[in-house]
Amino acid sequence: MNVSALTPSELKFRLKKTGIFLRTGSFITHLQTSIPGVSESVGLLYADYPLAEQADFADFHVCLTRPLNLRRWFKPQALFSFDGNTIFKPLPLDQAFPMLEWGLNWCVSNHVNHCLIIHAAVVEKGGYAAIMPAPPGSGKSTLCAALVNRGWRLLSDELALVRVVDGKLIPLPRPVSLKNESIEIIRRYEPNAIFSREVADTIKGTVAHMKASADSVARASEVAQVAWVVFPKYKAGATACLETLSQSRAFMRVADNSFNYSLLGLNGFKTMTSLIDASLCYDFTYSKLDDAIEIFSALKPQT
């Protein structure tokens, strides 16, 4: 059964009482909340996601609540808890759904150490995947959103999960986080894209989340083979340019964007080495999304 099988009132009731067991890729999250805005956004953006049939196990137990103090009435706030422990400082209640998304990223990046975890978007087409590591403000999420609206499968907007045992990429398709002017850029680029409402004045500016495609969600159990590592950079007015990057430089830059490379020790080094060896590596500068899509469509894997 998918989330969409529940009416809005049923979803709200379950989230408030026993919670739901939401499957995102290979992970199950037990989610509880009584905050209406979170329930509405989950119903909208996670409609295609399956609910676990047997609600007796979860990888992550998370809860979004309102503090039991005067803040319930004066400038209300939201708290994110993991396994019953408060992890972050409270945020304004209006930011509860973005807080959930950031919290779920924290759960994966801090607890999934059978994978090398890289801060990167990941998309796949024709059986081959592109990893796009980049710092905030690089245009990574904007490019990712455009690609998945032009036939690429979304594996993740934020976290590349490289399986240590064989180097395959584990999908984690969840809503794509867009910020500030990127929201309107993607709205214009794909008018049929589904967005959560915009939330202003977060630590990242104005934030909205774009729903992942139903195909990406349905294929969340299909691992992918990496073929390219591309470091994107948006630059206003720039002509789209793909420049070859040496594997040695790419190795160091990907390692700098990894959450647990050092923690994994020798396994981290071996996994990273295999990842880079299997990839063609590039720096990519762009300003127009159509030009970027054309260049990505022309990418060929190593022979």
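The values are calculated or read from the model by the stated rules, or taken from the named source; none is laboratory data. Everything numeric here is computed off the predicted structure, so don't read it as measured data. No Cβ is skipped: glycine too gets one built from the backbone with ideal geometry, and neighbour counts run over all protein chains shown. Calculation scope for accessible area: heavy atoms of the full protein, side chains included, ligands and nucleic acids excluded. Shrake-Rupley method; radii C 1.70, N 1.55, O 1.52, S 1.80 Å.
The one condition from (1) touching a residue at least 24 places away in the same chain (Cβ under 8 Å); (2) surrounded by fewer than 19 Cβ atoms within 10 Å (Cβ to Cβ) that Gly265 does not meet is (1). As a summary of the residue check, Cys281 satisfies the conditions (1) in a helix (DSSP H, G or I); (2) surrounded by 12 or more Cβ atoms within 10 Å (Cβ to Cβ); (3) not aromatic (Phe, Trp, Tyr) except for the one numbered (1).
Here's the yes/no breakdown for (1) over 15 Å from Val162 (Cα atoms); (2) touching a Pro at 6+ places or on another chain (Cβ under 8 Å); (3) among the aromatic types (Phe, Trp, Tyr):
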| position | (1), (2), (3) |
| --- | --- |
| Val207 | yes, yes, no |
| Val217 | yes, yes, no |
| Ala224 | no, yes, no |
| Trp228 | no, yes, yes |
| Lys233 | yes, no, no |
| Ser248 | yes, no, no |
| Asn260 | no, no, no |
| Ser274 | no, no, no |
| Ile295 | yes, no, no |
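Put simply, of Glu222, Glu198, Glu243, Glu184 the only residue that is of a type in the set (Asp, Glu), modelled with pLDDT of 95 or more and closer than 17 Å to Gly151 by Cα is Glu222.
For the stretch 1-13, the set of residues classified as open to solvent by 90 Å² or more (accessible area, probe 1.4 Å) and at pLDDT 95 or above consists of Pro8, Lys12, Phe13, listed by residue number. Of all residue pairs spaced 6 or more apart or on separate chains, those with beta-carbon atoms under 6 Å, a first member in the stretch 177-195 that is closer than 20 Å to Val122 by Cα and a second member that is open to solvent by 20 Å² or more (accessible area, probe 1.4 Å) and polar (S, T, N, Q) are Glu190/Asn149. Number of residues in the stretch 284-296 that are more than 22 Å from the chain's Cα centre (by Cα), in contact (Cβ under 8 Å) with a residue 40 or more places away in the chain and part of a helix (DSSP H, G or I) equals 3. I'd like to verify a number: residues in the stretch 54-65 that are modelled with pLDDT of 90 or more and either open to solvent by less than 70 Å² (accessible area, probe 1.4 Å) or basic (Lys, Arg) (or both), how many? So the count comes out to 7.
Residues checked against (1) closer than 28 Å to Asp59 by Cα; (2) open to solvent by 20 Å² or more (accessible area, probe 1.4 Å):
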{"site": "Leu116", "(1), (2)": "yes, no"}
{"site": "Glu124", "(1), (2)": "yes, no"}
{"site": "Met132", "(1), (2)": "yes, no"}
{"site": "Cys144", "(1), (2)": "yes, no"}
{"site": "Ala160", "(1), (2)": "yes, no"}
{"site": "Arg187", "(1), (2)": "no, yes"}
{"site": "Pro191", "(1), (2)": "no, yes"}
{"site": "Ala200", "(1), (2)": "no, yes"}
{"site": "Ile203", "(1), (2)": "yes, yes"}
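The stretch 130-216 holds strands (runs of 3 or more DSSP E) entirely within its bounds, and those carrying 2 or more residues that are closer than 25 Å to Gln302 by Cβ map to 153-156, 159-163.
Of the residues examined, Trp106 is not one that is in a helix (DSSP H, G or I), aromatic (Phe, Trp, Tyr) and surrounded by 18 or more Cβ atoms within 10 Å (Cβ to Cβ). From the list Leu51, Leu91, Leu100, the lone residue that is in contact with a helix residue (DSSP H, G or I) (Cβ under 8 Å, 6 or more places away or on another chain), under 21 Å from Ser141 (Cβ atoms) and surrounded by fewer than 21 Cβ atoms within 10 Å (Cβ to Cβ) is Leu91.
If the condition is being of a type outside the set (D, E, K, R) and open to solvent by 10 Å² or more (accessible area, probe 1.4 Å), then the stretch 162-174 contributes Val164, Val165, Gly167, Ile170. Filtered by the rule that a residue be of a type outside the set (D, E, K, R) and out of contact with any Asp or Glu (no Cβ under 9 Å at 6 or more places or on another chain), the stretch 12-23 gives Phe13, Leu15, Thr18, Gly19, Ile20, Leu22. Checking each residue in the stretch 27-48 for being in a loop (DSSP other than H, G, I, E, B), open to solvent by less than 20 Å² (accessible area, probe 1.4 Å), within 23 Å of Ser156 (Cβ to Cβ) and not hydroxyl-bearing (Ser, Thr, Tyr) picks out only Ala47.
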